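Inspection log for the structure reproduced underneath, given as structure tokens.
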Amino acid sequence: QDFSKAMSQAGSSQFQEVIRQELEYSMKVELDKILATAHSNEIEHTKKDLEGFKKLFHRFLQEKGPSVDWGKIQRPPEDSIQPYEKIKARGLPDNIASVLNKLVVVKLNGGLGTSMGCKGPKSLIGVRNENTFLDLTVQQIEHLNKSYNTDVPLVLMNSFNTDDDTKKILQKYSHSRVKIYTFNQSRYPRINKETLLPIAKDVSYSGENTECWYPPGHGDIYASFYNSGLLDNLIAEGKEYIFVSNIDNLGATVDLYILNHLMNPPNGKRCEFVMEVTNKTRADVKGGTLTQYENKLRLVEIAQVPKAHVDEFKSVSKFKIFNTNNLWIALSAIKRLQEKNAIDMEIIVNPKTLDGGLNVIQLETAVGAAIKSFENSLGINVPRSRFLPVKTTSDLLLVMSNLYSLNAGSLTMSEKREFPTVPLVKLGSSFTKVQDYLRRFESIPDMLELDHLTVSGDVTFGKNVSLKGTVIIIANHGDRIDIPAGALLENKIVSGNLRILDH
């Protein structure tokens, strides 16, 4: 019986192998057809993109089930995640300018503003006093370069979705004291979920073909940075580290203490990869966390966790930190690993439904997942203020408000706020799109003493409104609530037709 069971298992694995080979062959045929439609000036980079995609697809067919063995996950050793205070306590050397001159700032700029109802790159949405994410980034680096008389360049990783619009806008910074470079991340074909074949028939990606292609997540930075030639150019200029972050994380400014720790390590041994992590709150239970796995630091994302252990993964007591996606990486290490094809990142399978109802999948990777491929990696537990992402208009309300003051492109929490935590803000679906959100606030309310705000339904705010404590405003279907100018709402529930009730 055992023999026949073993035989049938062998048979089924052989059968699976045959299916895998057939799928890979069919994929290759389709990709060759797509490549054949490329113009002579597109062939080179299209070929590189499709080669990269083929490798990812091959791995996707090989791997089954969650990519981590839960039993092997351990808490990271004490010294592998350093508290920021300890790193800051070392102070700064006199020659901080020479350390800064070894740095390149890289911003991930591949995303569109669609989730906030905007067309075009997300980085061009106005965030504060008419300044966009990109404006604030340039102002920060320019301030750094002027203050220390340095030459820190800005590199934008664009996607085919954001490249044209971003390049048009870059002309406005031609007189700023920041060199700006761009490179494009790869363009991969979306796969039909049923047939596992690409839905694209040719290389074009305009008009109705835009839905056939996607940028494969920020893990693509290593290959596309290397392939662009920019990596080699920056190494030749004497640059040694990149600081990578999402362009919509307004807390991700250049930190001189972390940079100094990298360049002048206390034990003399340099880190090739530093991940900034911060303490989880209830709002962050889905964030990726750093663990010890097979004697290496490893980023574990919720998608990799076996279903039975998801609640344990979300527990704030067991996994206390999450990845901010602020990363410091040695350029020479990227080059070495890329040339050896030794950067190993888990595949994220991202299912999507297109406008016409077709189900597709996108194969993606995450930049932080490569931490296990680098030598001497380190986590640094940074203050929450270094993680200030703007994903929704609820986040936008916070950064536009008097909770923050703006100085040389950097937002800092107002000293007038008595406690350092950010209020919890939940704006309902009437506020999802930026233009609707802006229409509903005549001016941004005073939120210095706010703990919690929930707004639902058709609500507008007059000028100079103050919100304190916990404020809940709910306009039922068909009702409208206009908060009058100058109103002070402190621990109030407002519902129905603007009756203000204490609670």
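The values are calculated or read from the model by the stated rules, or taken from the named source; none is laboratory data. Since we're looking at a predicted model, the values are computed, not measured. Cβ atoms come from the backbone with ideal geometry, glycine included; neighbour counts cover every protein chain shown. Calculation scope for accessible area: heavy atoms of the full protein, side chains included, ligands and nucleic acids excluded. Shrake-Rupley method; radii C 1.70, N 1.55, O 1.52, S 1.80 Å.
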Handout entry: 18 Å tail of the calculated P(r), the stretch 309-463, as % of Cα pairs
Key = 74 percent
Handout entry: ARG384/ILE43 FRET efficiency (R0 45 Å; Cβ-Cβ; nearest 0.05)
Key = 0.40
Handout entry: Cα lying deepest toward the dipole's positive end in the stretch 1-150, options ILE19, ILE96, GLY117, charges on Cβ
Key = ILE96
Practice task
Quickly work out the GLU339-to-ASP482 label distance, labels modelled 7 Å from Cα along the C-beta direction, and quote it in nm with one decimal.
Solution key: 6.9 nm
Practice task
Calculate the dipole size of the chain relative to its Cα centre from +1 charges on Lys and Arg beta carbons and -1 charges on Asp and Glu beta carbons; express the result in debye to the nearest 20.
Solution key: 540 debye
Problem - Gain upon complete extension [LYS54, GLU194; 0.36 nm per residue less C-alpha separation] - result: 48.6 nm
Fill in the blank from the handout: Counting only protein heavy atoms with a 1.4 Å probe and every protein chain in place, the carbon and sulfur fraction of the accessible surface of the stretch 70-183 in whole percent equals 48 percent
Exercise for the section: Provide, for q = 0.06, 0.08, 0.10 Å⁻¹, the log10 of I(q)/I(0) from a solvent-free Debye sum over equal Cα point scatterers in the chain. Expected result: -0.32, -0.57, -0.89
Problem - the chain - accessible surface per residue (Å², probe 1.4 Å) - result: 48 Å²
Handout entry: Calculated P(r) tail over 15 Å for the stretch 47-108, as whole % of Cα pairs
Key = 78 percent
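Taking R0 as 45 Å, what FRET efficiency do you get between LEU61 and GLU85 from their Cβ-Cβ distance, rounded to the nearest 0.05?
Rounded to the nearest 0.05, the efficiency is 0.45.
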Exercise for the section: May I ask you to compute the full-extension gain from THR210 to LYS296, defined as 0.36 nm times their residue separation minus their alpha-carbon distance, rounded to one decimal in nm? Expected result: 27.0 nm
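May I ask you to give the percent of accessible area on the stretch 419-503 that is carbon plus sulfur, with a probe radius of 1.4 Å?
Result for the stretch 419-503: 51 percent of the exposed heavy-atom area is carbon or sulfur.
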Handout entry: Gain in span if fully extended, GLU22 to ALA308, counting 0.36 nm per residue against the direct Cα distance
Key = 99.7 nm
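For a protection proxy built on the mean count of beta-carbon atoms within 10 angstrom, sort 348-360, 272-284, 150-162 highest first, please.
Going by the mean number of other Cβ atoms within 10 Å, highest first, we get 150-162, 272-284, 348-360.
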Problem - Members of LYS48/LYS119; LYS48/LYS168; LYS122/LYS391; LYS314/LYS426 lying beyond 18 Å, as alpha-carbon distances in this model show - result: LYS48/LYS119; LYS48/LYS168; LYS314/LYS426
Exercise for the section: Starting from the residue with the highest accessible area, list HIS452, HIS39, HIS143, HIS58 in decreasing order, probe 1.4 Å. Expected result: HIS39, HIS143, HIS58, HIS452
Completion exercise
Of all trypsin sites (Lys or Arg not before Pro) in the stretch 379-455, the ones in DSSP coil with at most 13 other Cβ atoms within 10 Å are LYS416
